[in-house]
Structure formats: structure tokens, C-alpha cells
1. Accessible area per residue of the chain at 1.4 Å probe, in Å²?
2. Listed here are the pairs Lys189/Lys408; Lys201/Lys379; Lys189/Lys633; Lys386/Lys453; which of them are more than 30 Å apart at the Cα?
3. Under a 1.4 angstrom probe, counting protein chains only, how are Glu436, Glu18, Glu119 ranked by accessible area, largest first?
4. Run the accessible area of the chain with a 1.4 Å probe and give the carbon-and-sulfur part as a rounded percent.
5. Given R₀ = 60 Å, FRET efficiency for Lys10-Glu496 by Cβ-Cβ distance, to 0.05?
6. How high is the FRET efficiency from Arg629 to Trp257, r the C-beta distance, R0 25 Å, rounded to 0.05?
7. If eta is 1.306 mPa s and T is 10 °C, what Stokes-Einstein diffusion coefficient results for the chain, Kirkwood Rh from Cα pairs, in µm²/s?
8. Can you tell me the relative contact order of segment 302-426? Whole percent, Cα pairs under 8 Å, sequence separation 6 or more.
Amino acid sequence: MKSASGAQKKRAEALRKELNTHNHQYHVLDDPKISDAQYDALFRELQELEEKYPALKSADSPTQRVGAPPLQNFATVAHSVPMLSLANAFSEEDMQAWEKRIADRIDLSESDTLEFAAEPKLDGLAVSLRYEDGVFVQGATRGDGSQGEDITLNLRTLSALPLTLQVSGGKSAGLPKELIVRGEVFMEKAAFTALNNAQRKSGNKEFANPRNAAAGSLRLLDSSITASRQLSLYVYALGDVSQGFKVPATQQSMLEWLAKIGFPVCSETKVCANLSACFDYYNDIQSRRSALPYEIDGVVFKVNERSRQQLLGQVSRAPRWAIAYKFPAEESVTHLIEVEFQVGRTGALTPVARLEPVSVGGVTVSNATLHNLDEITRKDIRVNDKVIIRRAGDVIPEVVRVVLDDRKQAGTPRRRKIKLPETCPVCGSPVEHSAEEAVARCTAGRGCPAQHKEYVKHFASRRAMDIDGLGDKLVEQLMDAGLVKRVDDLFALRIEEIAELPRMGVKSATNLVASIEASKSTTFARFIFALGIREVGETSAENLAGAFRTVEQLEAADVAALEAINDIGPIVANNIIAYFADSNNVDTMRALLSAGVHWVEPDATSTTQSQSLDGTSYVLTGTLSSMTRDEAKRLLSDKGARVVSSVSAKTTGLIAGDAPGSKLAKAENLGVPVLDEAQLQLLLKS
Ligand code: IVH
């Protein structure tokens, strides 16, 4: 085998260093300094060098993040400093008792106060990470606290995990020879949803929650699968540190130091001057819990001074100086009183459980979704059952499972199996349940008042006609009062009649009429989407608008013409044909146009600057920082570009934000140019 020249060795080293720095900028600091394409070019260069000269490969090489060949089993790792668990608190009284226990032990003088470091209690998996001379050499699970499993290869695939630590000015004095850092590996909510969607599509088992998904992804013998999962990491504690190394004096300054040398540290950490500040922190983070990108199940409070931590020591495998103040449980048990069926916009019947009101994680819940009949059968849910309800963040509460033991209990009410109604509970039309679909539907179409109401809500919604201030509740009020019988009635509403509705006044009515007026000026794509044709989502609507340009052309299109469009298959094509075959739909559409709904015909502006992206097609992936994906879509369409959902060889470009999905790899394979956010901005300005 050829051996690498000195220059090649140096180049590989430089590439590794550069890639690790950019990786840290991107995944830990959220502040990328180069484009993904530039990163990929550097990455490929290193990969090629290492393939040519395997001796150049090193454990800290970013190329090692892609996963290694599967293992037979995990080796055992002994934790020389045990990985402790935490005592729990469930109330302010528990917290006060904890503070008192501490104060009794450390003999606080009068002027002395006890400061606490507060951190979210991340709901993931504790890991221990060992670094030698600043290089990641071993990672382990907590196991029983004294012995864990060696999951080094899996941990190496985590983008947020620094493979080499950073020392300012290259002084190794900034790092201990041996350093063990502890933290939590977890999966963000968005990554969890995406993973479960993919699992469902590929017929694989879905994960119950992000914690299980993180655990399942980390404890895999095949690290290449771990590499494909989006796992995150925050560190929060130290294990062994080489003797003689001066560790910062407080928990907070230690976290700052860890962040400085390259570790991801949660940005929500804070020092609380006393217990009352701890309660404020707890309440604040609890109120923001559902908006956080990751799941937390409480707050960890730690005595801030490390010298005091040492003084306090531990009791039965938990430190005296730390406590987990848990949020109230998000699962509760209650009685299922009845099951009703709600009718959605497309007629789909969704079973809803009416429950004896119960507090779940501090919120009173009296309804929960049962998704569909298959779900009911799978979970064997019956009326009068005792059921476990879960509420996670702002997700609709759901029935997790039945308390089966309760059925055996003497004296409990008789259980009744849940049957699909034969007729629509709202309009009485026959219900259809085809073999191919999990859902059953009311067959009345918009003739069903429930379907019609949902349709008007859709029409007014942000992504359709975007009528500001016209939310679901107000649509219900307008329709119940008989002011709106068909969508086009919205455009004839008068201030006086709206003002008379409960909770409305002249001012809010005037605003509403103004935003209804403003919504008349729209885009063709939004208009098509607003029509609510079955299975025509925003992307299909945009593609249709790009292909047909006028309502007349769209109306006249046959199946073949429709199927020729990107994203439109035979089912959607037939739905479109069926939509225009119904004279009620055509009448409504015409009425909307004569009410003044309009858009700028692309032809009329094709010579102006605003249509500079005519004929191009883009795909969006990942999160953008300066705008939402919807906004990006709208801005691109406004310039004449088509925004499609999947990458093909014909795609003009892929716009990749933060944490791009699999589309990125596909684009690269097909040689489709990849644009970062800065390039998108330039494109929009062009
Ligand atoms: S400190 C010596 N800090 O909670 C103290 N733990 O119930 C060791 N956890 O095993 C833990 N977030 O997996 C600490 N900010 C945080 C944490 C945290 C989550 C987990 C950790 C630990 C468990 C104890």
C-alpha cells in the first residue's frame, strides 16, 4: 500500500481541523460560516484522501461520523466516577425541604446565600464521554450507574458531539489530559416526527416518544443507522478530570467553559439567587415547555458552588446538591363516557372520546382524539372503559390505552364496543367505508353542513385566502347566524351585521371586512388551494397554477394533461375532474371571481422583474432562519418559480436550511445545485 506524503498528511490534518470547526459552528453554535456545498467539498476531499491512504484515518476524523460496521454486542465500560441519579421534587414544599436539608449541612453564615444553577431536565438518555488530550475516545451509557455500555461508534455519528476539543490560542494548558463529560442525548420533537413518518412509510415500528426514539437510535449495534437519525446532545456535568486541572468554581462557569471548548450546552441554563428565583424559572420554563424544540420533564436545580457540592456529597446514589423538580405528569386516568364522530372537511369521520374531565399535566381535558376505527380496534377501546390519557405539548390529547384490569372489577359499568355509524351524525347521509382507507366518510360532500363549515374554515385559512382575523370560531358564528351560506357570501358581509354577533363590535367588524377585502387580491395558486379540491395541497396547487395559468385552462384540462404535471397522479387528476364536473363547485368558483377575487396573471408580468424566476423549479428542505418555509415558498412563487416537494433531475435547485432532510443527498446524487439561505436571499433579490 502506498503511504501518504508529508504534504498529504498535513492536508488531511488541516481538513479535519477545518471540518470540525465548521461542524461546531453549524451544529453547536448555530452559526455556519460556509455553505453546505463548501462543507461537502472539503468533506469529500478528506474522504478521498483517507480512502487512498487508510493510515491517515483517525478517530476524530469527521468522516467517521457516518457509522462503522455493525457490532456483535456492546462492550462494558466501568464508570470510575459513578453516574448518579437525581432525587425528585414535586412541589414548592419539597423544594423548601431540600433547601433546608442543604442549609443544615453547610452551616450558612447569616450573610451567606445559597445560589442555584437551573437547567431544563432533558428527556433523553444520559451518556458519559471520555476525552484524552482533547480527542473523543470513548462514550458510554449510564447503565446501572457503575457500569454502562460502550456506544462510542454510535456517539461518534452525532453531529453535535465534538470529536476534538478546542483550545484557545492552541494552548493545551486549557485542557486536562483526561476529561469525562456527562450529558444527555435526545431527539428534538421535529426530528422525532420526521423519523416516525419515515418509519410509518417504510412499514417499520413507530416510536412512542422522542425519548424512546433517542434510546432506540443510540443503542443500535449498527452505527450507520444511528448516523441516519437526528440525535442532539447537551452536556451538563463532569466525571473524572485529570488531577491538578483547575475546574471552574461554579456549575454555571463550568458550563461556560464546556461550551468554550466545543461542547453543546443548553441555552436555557440560568443562575437563581434564591428559591423564589428557582420557582420563577420553573414556572417560566413550564409555560414555554410546548414551544421548546425538545421535550423536558422538569427542571434540575444544582447548588451552584462546586466546593459546596463536594461538601454536601451524596446519599444513596443521588447527590444531595441537586434535585429534579418534575412537571406534573402528562398522563392521567379517567372514564370514557361516550364516543362521538366528528365530520371533517373531506367528510372523514374522526372518533372523539368524551371524557370525565381530568387534569393532565395541569390542563383540564374532557375530549381526546381516537384517530380512526383501526386505532380503536387495535387498542380495544370501549365505551365506559377506564382509559389513560396523554397530552404532549400542544398535541391534541389522545387515549394511550385502556386500563384492562378495571374491566374485571365488579360493579364497574358494562362496556360497549364502538361501532361506526351507518349515517352521518350531522346530516344523516350514508357513510362510506371503503376497504382501502382507514377512514370512513360522509357521502354528502359540501351538502353536509359539517363538511361545509370545515371547508369555509379552510378557505379563510392562512395558507389559502389568508383572511386575517377570520378564525375557526368566527366562521362558526357567521355560519350559525346564517350570514354565510356559501364561501362567496363572505365577500358580501356588511359591518353592521357582523358587529351584532356575540363578542364582536363595530371596530372588529370593520377590521374583518377590511381583511376580507384585502384577501381578494391573491395568487392563482392560493385560489386553487382555497377551492379545497380533495388532495390538492399547496404544492399541487402551485404546480397547477404554473402549468395552467388561467381558471379556464384548468377547468378544461383532461386527465392526461393533469397527470403530465409534476406531483399530480391519477387519483388527484380524477379529483380535479370530479370537482369541475359538479356544477355547484363551478357556480361557487364563478361567484368568487365575480365578487372580485383576482390575481395578477403571470403572462401580464412576465416581462417585468418580478417574474425573473419564470420556468424554474425549486425544492425547500430544512429550517430557514430569516423566514418560514411558507414565506420562502410564497416569495419564490411570486417571482415565477415553481416550488415543488420532491427533487428530480429537472429541479433547478434545492434550497437547504438548517438540518436539511434526505432531499439534500438526493439533490447531490442527481447533481442538482444546492443553495444556502444567503444564496436564496440573492435569488429573491435578483
Ligand atoms: S445532572 C450528578 N442535569 O436526569 C447529577 N441530569 O434523573 C447527574 N438529566 O440520569 C445528573 N437533564 O439523564 C443532570 N440538566 C440535567 C439533566 C439531567 C436530564 C437526566 C440524566 C440523569 C437523570 C436523573
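1. With all protein chains present, the chain gives 49 Å² per residue.
2. Check vs 30 Å cut-off fails for Lys189/Lys408; Lys386/Lys453.
3. Most to least solvent-accessible, the answer reads Glu436, Glu18, Glu119.
4. C and S fraction of accessible area: 50 percent.
5. On the way: r = 80 Å, r/R0 = 1.34.
With R0 = 60 Å, the Cβ-Cβ based efficiency is 0.15.
6. Calculated value: 0.10.
7. Numbers: Rh = 29.4 Å.
The Stokes-Einstein estimate is 54 µm²/s.
8. Numbers: 212 pairs, mean separation 25.5, N = 125.
The normalised contact order for segment 302-426 reaches 20 percent.
The values are calculated or read from the model by the stated rules, or taken from the named source; none is laboratory data. Nothing here was measured: the structure is a model prediction, and the numbers come from that model. Positions of Cβ are generated from backbone atoms using ideal geometry, with glycine treated the same way; all protein chains shown enter the neighbour counts. Accessible surface areas use protein heavy atoms only, side chains included; no ligands, DNA or RNA. Shrake-Rupley method; radii C 1.70, N 1.55, O 1.52, S 1.80 Å.
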